[in-house]
Amino acid sequence: MEDSSLNTKTGHEAHLPHDYYTCKASHAFDQWFACLTVGRQLSSYYRYGKKSDCSKHWKKYKLCMQMKLRSEESGKALMQEYREEENKQRMSQPNVLDVWTLRE
């Protein structure tokens, strides 16, 4: 029987998915490679008038490889830093909510 006291999480960690602080290098590599395909690049060129920037996928792949060389705590801290930077960048870019104005 499993001890439930070992599985309790406090704060915002209780709401995070169980794999939030993990990174699969094979998945990150697949995303990077898919970004480079002709179909994805043509789709991006058609929609946005420029080719896709795949550097974010490459950064994630490098991060995954770095996490394999570190201790669990150090890797978790590295992934948390990456997630915070990713969220900050996402919030700084325009999104669908920017086109709507509130009515009074």
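Residue count for segment 68-92, restricted to those that are within 13 Å of LYS56 (Cβ to Cβ) and in contact with a helix residue (DSSP H, G or I) (Cβ under 7 Å, 6 or more places away or on another chain): 1.
Of the helices (runs of 4 or more DSSP H) lying entirely inside segment 28-104, the ones with 2 or more residues being among the aromatic types (Phe, Trp, Tyr) and surrounded by 13 or more Cβ atoms within 10 Å (Cβ to Cβ) are found at 55-68.
Annotation note: Cβ proximity below 7 Å between a residue of segment 71-91 that is without any contact (Cβ under 8 Å) to a residue 40 or more places away in the chain and a residue that is open to solvent by less than 70 Å² (accessible area, probe 1.4 Å) (sequence gap 6+ or interchain) occurs for LEU78/LEU63; LEU78/MET67; TYR82/LEU63. Hey, can you tell me all the residues within segment 18-56 that are hydrophobic (A, V, I, L, M, F, W, C) and touching a helix residue (DSSP H, G or I) at 6+ places or on another chain (Cβ under 8 Å)? CYS23, ALA25, ALA28, PHE29, TRP32, ALA34, CYS35, CYS54 - these are the residues of segment 18-56 that are hydrophobic (A, V, I, L, M, F, W, C) and touching a helix residue (DSSP H, G or I) at 6+ places or on another chain (Cβ under 8 Å). Within segment 58-69, residues that are closer than 8 Å to ALA25 by Cα sit with their Cβ atoms under 7 Å from residues that are of a type in the set (A, V, I, L, M, F, W, C) and open to solvent by 40 Å² or more (accessible area, probe 1.4 Å), at 6+ positions apart or across chains, in these pairs: TYR61/PHE29; TYR61/TRP32.
The values are calculated or read from the model by the stated rules, or taken from the named source; none is laboratory data. Note that the structure is a prediction, hence the values are computed from the model and not measured. Cβ atoms come from the backbone with ideal geometry, glycine included; neighbour counts cover every protein chain shown. Accessible surface areas use protein heavy atoms only, side chains included; no ligands, DNA or RNA. Shrake-Rupley method; radii C 1.70, N 1.55, O 1.52, S 1.80 Å.
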